[in-house]
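A short write-up of the structure that comes next.
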Amino acid sequence: MTALTLTNVNKSFGKIHVLKDINIQIEEGEFAVFVGPSGCGKSTLLRVIAGLEDASSGEIQIGEDVVNLTPPSKRGIAMVFQSYALYPHLNVRKNMSLALKQEKQPKDVIEQRVAEASRMLDLEDYLDRYPSELSGGQRQRVAIGRAIVRHPKIFLFDEPLSNLDAALRMNTRIEIAGLHSQLAASMIYVTHDQTEAMTLADKIVVLRDGRVEQVGSPMELYNNPANQFVAGFLGSPAMNFFPAGVVGEGGNLTIGVRPEDLRLADDGALSVTVNHVEKLGGDTNVIAHAGDQRITARLFGQHDIAAGQQLQFGYDSARAYRFDDAGHRVR
Amino acid sequence: MNKARTNPLNTAAMHGALILYTLIALFPVFVILINSFKTRKAIFREPLAMPDADSFSLIGYQTVMKQGDFFLYFQNSMIVTVASLFFVLLFGAMAAFALSEYRFKGNMLMGLYLALGIMIPIRIGTVAILEMMVATGLVNSLWALILVYTAQGLPLAVFILSEFMRQVSDDLKNAGRIDGLSEYTIFFKLVLPLVRPAMATVAVFNMIPIWNDLWFPLILAPSEEVKTLTLGSQVFIGQFVTDWNAVLSALSMAILPVLALYVIFSRQLIRGITSGAVK
C-alpha cells in the first residue's frame, strides 16, 4: 500500500516559487531520503508533508486520506528536528508523553508506550532528567523517542544528524537504520549528506531548485544517473567531469568518470599533473588537474605518488557517462 | 583565558570605575535617606551629616503616618503599577508573538505602527485622553491610569519582545504543533518561558516611570481615594512652606516597593532556561 502520495505539489513564498510540480509516491514501510544541496526545497517539502506549511497547490495524500486541510497533529505523522526541539521545561518522560496526552490516550497506554520507546532507545535511566542535563546524542534519542511513542503512519526526519559529531553520527545512523527494520514503518528523511542518503535509503529522491531530478534506489541512481547533477551529487569523492576534447573524443559532450573507475595506465587517455595526494592506508586519493579540469582518482591500496608528478589515467569506456550541454545523459 | 581579563591592574581599574559609578548613582538616594531621619534644623544646618543622637528624629515618618491615607496611596500606586505591567507584558507579548510568528499582509506596517509609539510621547494626547476618560466615566478611577500606562508601555514592549521571539527556535514551536498543542499553549508554555529575560527587561523599563509619574494621576485621578503615592506626597510641598521631613520620609518609603519589584525582575534577567532546548 502507498504511505504517501504527492500529486503536483507546488509551494510559493510570495513571488518565490520553492517547490515545482512535485510528484512522489512512497510505499508503506519504505525508507525514503530526500537529498539535495541547501536551498533545494527539501526541508520545505518535508514541512508541507507535515502540515507546518500549506501547499500552494497540489494534493498530499497520507495512506488513503487527502490531508491538505488536516492540522499537523491529526495527520498521523511524527517529526524529528535537527535542533532536537525538546521542551526545556519538561523531563524526558513528559517530553515523550505530551503528544499522547494531547490525543487523550489512557494513562496505561501512555506508560506502556513510553516504556517501550525508552527501552528501544536505552533511555530508561534518563526518564526523570531534563533536556539540559543530557548530552547531544541523548537529546537526539529523546527526540526520536518522542516520535516513536505516537506510532505514526510516517516518520519525518529533518536532518537529524547534523548537530552530532562524526563518531556519534555514524552510530546514530546505524541506530536509525535498526529502528526502521524493527518498526517496519514508513520514514522520510531529509539530508544534504549523500553518504546518509546512500546508506539509509530504500528510495532516494534527488531534489534541485524545487524540482525532483531523479527517484530510485541508491544503486540505481549511482549506476544509472539521469543527468549530470545526480551523477555529480551522489558518490564520494564526486564524479569527475571533463570535456570530451580532453581525451580526444569528438562532439560537444561532457564525460563523467567516477574516481574509483580511474586507474593508472601508461597508455591512458587522460594525462594529469598531481596537486595533492591523500593516503588513507586502504585507499589513495589523488587530486590532480588536466588543463583546467580537476580530476580525482581513488586508487585501491597504497601508492607512492608525489605532488607535481605527471600521470596517465585510463578508464573503461563502458563505465564512463556522457552528458550533453544541458546536462542530460547521452546514452 | 584572556590575559587582559586576569591582569590585576585591569581588574582593579574596572571595579574602581564601577564602584565610582555606583557611588555617584546612589548618592542622592543616600542623602534622602539620612536626612529623612533628622530634625528639620539638622537637615538645613548640615545636609550631608549622618543623623546622631542630637539630630536623630522620626518626626518626618510620624507626620507621614498621621497625615492622610498614606497606606491607601501606597496601595493605589502598587495596584496601578502591577496591573499596568501585567497588561503591558501580556498584550505586548501577544502582539509580538503574532508579529514574529505569523505571515500576514501588512505584518511589516503593523510592526512599524506599533513601534511608532516609542517616538511619540503619550502626554501629547493628554487632552484627548482626558476627554475620553470623562466620556467613559473613568475619571478618578485607577482604571484610567492603568489603561493609559498600558498604552504607554506597549510600543517598547512589542518592539523588544518581537525581536526576542524571532530568536526562539522555529523547530520548538513546530514540534509543539505536531504534538497537537494549541497556538495558545505554544505561546504560554513554550515561548513565554524562553523570553522571560526579555519580559523582565520590559517590566523594569516600564515600572519606574509608572511608579514615579505625577502627570496622569494629577490630571486623571486627583481625588483622595485614588491618589497615588507621588501625588499624595505633594501635600507636604507647599507654595511657601515645605515640610521637608515629611517629603523626605515619604520619598524614602516610596523607594522600597519598587526596589522589591526590581529585585524580583532582575533575578529573571540573569536566569535563562534556554539551555537544553535546542542546540
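Quick notes on this one:
- The sum of -39500 (n - 2.57) across all DSSP H runs of n ≥ 4, divided by the residue count of chain A, sets its helix-only mean residue ellipticity at 222 nm to -7500 deg cm²/dmol.
- Size of chain A as Cα extents on the principal axes (Å, biggest first): 74, 44, 35
- Build a GNM of chain B with springs between Cα atoms under 10 Å apart, and of B:Val158, B:Val191, B:Val127 the one that fluctuates most is B:Val127.
- Under-5 Å amide H pairs with A:Phe157, H placed in peptide plane, nonlocal only: A:Val80, A:Ile188, A:Tyr189, A:Val190
- Within a Gaussian network of chain B (alpha carbon springs, distance under 10 Å), most fluctuating of B:Gln75, B:Gln62, B:Gln239: B:Gln239
- Scaled radius of gyration (Cα, divided by 2.2 N^0.38 Å) that the protein assembly as shown gives: 1.39
- Semi-axis lengths (Å, descending) of the ellipsoid that matches the C-alpha gyration tensor of the range B:42-84: 31, 13, 7
- Net charge dipole size for the protein assembly as shown [Lys, Arg +1 and Asp, Glu -1 on Cβ; Debye, nearest 20]: 1440
- Gaussian network model of chain A, Cα within-10 Å springs - most flexible of A:Glu196, A:Glu111, A:Glu27: A:Glu111
- Largest first and in whole Å, the equivalent-ellipsoid semi-axes of the range A:85-242 read 35, 16, 13, each the square root of five times a Cα gyration tensor eigenvalue.
- Residue-by-residue Karplus 3J(HN,Hα) for the range A:8-19, coefficients 6.51, -1.76, 1.60, Hz, glycine and proline x: 6, 7, 10, 9, 10, 9, x, 8, 8, 8, 8, 10
- Taking amide H as placed 1.01 Å from N in the peptide plane, the amide H of A:Glu213 sits under 5 Å from that of A:Val206, A:Leu207, A:Arg208, each at least 5 places away or on another chain.
- Rounded D (µm²/s) - the range B:1-57, Kirkwood Rh over Cα pairs, Stokes-Einstein at 37 °C, 0.692 mPa s: 239
- Between helix B:142-166 and chain B: long-axis angle, C-alpha atoms, 0 to 90°, nearest 10: 50
- Averaging Cα coordinates gives a centre for the range A:264-297 and one for the range B:18-61; these two points are 86 Å apart.
- Cα-Cα over 20 Å, subset of A:Lys153/B:Lys189; A:Lys42/A:Lys94; B:Lys41/B:Lys227; A:Lys153/A:Lys203; A:Lys15/A:Lys203: A:Lys153/B:Lys189; A:Lys42/A:Lys94; B:Lys41/B:Lys227; A:Lys15/A:Lys203
- All-pairs Cα distance distribution in the range A:258-330, expressed in whole percent, bin size 10 Å: 19, 50, 24, 6
- Proximal charge balance of A:Asp65 [Cβ under 13 Å; K/R count +1, D/E count -1]: +1
- Computed from backbone phi, the HN-Hα couplings of the range A:311-324 come to 10, 10, 10, x, 8, 7, 4, 5, 9, 9, 10, 10, 10, 8 Hz, rounded to whole numbers (Karplus: 6.51 cos²θ - 1.76 cosθ + 1.60, θ = phi - 60°; Gly and Pro given as x).
- Start at zero, step by 5 Å, and the Cα-Cα distances of the range A:238-277 spread as 6, 19, 27, 31, 13, 3, 1 percent across the bins.
- Against the empirical 2.2 N^0.38 Å (N residues), chain B has a Cα radius of gyration ratio of 1.25.
- Dipole axis of the range A:142-222 (+1 Lys, Arg; -1 Asp, Glu on Cβ), positive-most option in A:Ile204, A:Ile154, A:Pro218: A:Ile154
- Alpha-carbon centroid distance for the pair the range B:131-149 / the range A:1-50, whole angstrom: 55
- DSSP assigns beta bridges within the protein assembly as shown; of those with both partners inside it, close to 75 percent run antiparallel.
Readers should treat all values here as calculations from the given coordinates under stated rules, not as data from a laboratory. Keep in mind it's a predicted model, so treat the numbers as computed, not measured. Virtual Cβ from ideal backbone geometry, glycine too; neighbours counted across all protein chains shown.
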